[in-house]
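Here the structure is laid out as structure tokens; the discussion comes afterwards.
The values are calculated or read from the model by the stated rules, or taken from the named source; none is laboratory data. Bear in mind that the values here come from a model prediction, so they are computed numbers and not experimental data. Cβ: placed from backbone, ideal geometry, glycine included. Neighbour counts: every protein chain shown.
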Amino acid sequence: MLASDPPRHTRLRKLVTKAFTTGAVAELRPFITRVTDGLLDRWPVGERFDFVAGLAIPLPVIVICELLGVPEDDRPDVRRWSGELFSAGRPDFIDTASHAMADYMTGLIAAKRLHPGGSLLDRLIAARDGDDDCLSEDELVSLAVLLLVAGHETTTHFLSNALLALLRHPDGLNRLRENPDEIPAALDELLRFDSPVSTATFRFTTEAVTLGGTDIPAGVPVLIGLGAANRDPEQFPSPDRLDLDRDTTAHLGFGHGIHRCVGAPLAKAEAEIALRAVLDRFPAIRLAVPPGQLAWHRTRLVRGPESLPLFT
Ligand code: HEM
């Protein structure tokens, strides 16, 4: 889906949009809240711990696996392969992980055909096996893998970047703690300020084009810097300032156009529920190391800290 043009893209996207509408996501909120609370119950009080391992990784993995019907025992493997898919400078890891993921998904689809359930993956299988020829077997597998991967690595970094930005801006943090109903509106500025997806996937020019004074020939790959666009001073005055009151309607944190993130309502629901719970339950939360000492993932596509050590 992500690498296709209409009409194929339209056909594939139509199969999944319903699962991610605001209404469908509202039904998932009690589950997301339960998982968040369960994870936060395990946080030590008054001790140093890692926010990434303690919430930012497990929450999105559990949610997307639940939605797709990935059994609990298989989730650690999914998490590992997905991490390897984003490992910079290790094409061998990336290749092995993408094959492992596709093989796993092929097996899961076969198992679900024998014992159907009510998950999103079951619904995609039913669409594939129905009469109207709307999905090939290869498309089914790659769509399922895309949903699995796109649905958590990105949200993990969003949660970490958003909390880090607030910890570095105590006025914003205190404001949201005192007015948690402002959290949903703040999410777009947090996404703009430190975008978890730094670049879109490759696009290819279909004809020669001149953009910002640069001539780009036909048929070449183009990489769009979403994170850079989100700090464009012509679009966002004083872009390096976190400003929870600014107009962020034009931000590109979820991309733009027909490939704009289909999972945005789900990602926002997870971030809202997680931030609300963390700010409410841990009023003294603070960074355990100076921000300059944080290690960041060294990949082109996603951006986020490897760990976020905190004291509660
Ligand atoms: C804060 C978390 C997230 C961010 C920042 C994010 C960001 C993005 C961006 C920038 C794109 C466009 C990529 C491009 O144009 O090349 C995209 C597409 C996509 N995202 Fe997300 N995403 C997030 C969460 C999710 C979630 C939870 C899902 C759920 C499965 C998801 C599924 C997808 C899919 C399937 C596409 C491809 C859409 C298409 O090709 O039409 N994303 N996302």
(request) Mind telling me which of the residues VAL63, VAL35, VAL45 ends up being surrounded by 14 or more Cβ atoms within 10 Å (Cβ to Cβ) and in contact (Cβ under 8 Å) with a residue 60 or more places away in the chain? (result) VAL63
(request) Scan region 1-13 residue by residue and report those that are outside any loop (DSSP other than H, G, I, E, B) and either near the ligand (Cβ under 10 Å from one of its atoms) or touching a residue at least 24 places away in the same chain (Cβ under 8 Å) (or both). (result) HIS9, THR10, ARG11, LEU12, ARG13
(request) Spot the failing condition for MET101; the list is (1) without any contact (Cβ under 8 Å) to a residue 60 or more places away in the chain; (2) over 25 Å from TRP296 (Cβ atoms); (3) not acidic (Asp, Glu), and only one is missed. (result) (2)
(request) Filter region 176-230 for residues that are in a loop (DSSP other than H, G, I, E, B), within 30 Å of ARG276 (Cβ to Cβ) and either away from the ligand (no atom under 16 Å from the Cβ) or in contact (Cβ under 8 Å) with a residue 60 or more places away in the chain (or both) and give the result. (result) ASN179, ASP194, SER195, PRO196, SER198
(request) Could you list all residues from region 48-65 that are β-branched (Val, Ile, Thr) and part of a helix (DSSP H, G or I)? (result) VAL52, VAL61, ILE62, VAL63, ILE64
(message) Can you tell me how many residues within region 75-130 are at pLDDT 90 or above and outside any helix (DSSP H, G or I)?
(response) 5
(message) If the requirement is being in contact with a strand residue (DSSP E or B) (Cβ under 6 Å, 6 or more places away or on another chain) and among the aromatic types (Phe, Trp, Tyr), which of these qualifies: PHE202, PHE254?
(response) PHE202
(request) Mind listing just one residue for me: the one in region 295-312 that is closer than 16 Å to ALA150 by Cα and in contact with a helix residue (DSSP H, G or I) (Cβ under 8 Å, 6 or more places away or on another chain) and, of those, surrounded by the most Cβ atoms within 10 Å (Cβ to Cβ)? (result) GLY304
(request) For region 247-274, enumerate the residues that are away from the ligand (no atom under 11 Å from the Cβ), buried (at least 17 other Cβ atoms within 10 Å of the Cβ) and assigned to a loop (DSSP other than H, G, I, E, B). (result) THR248
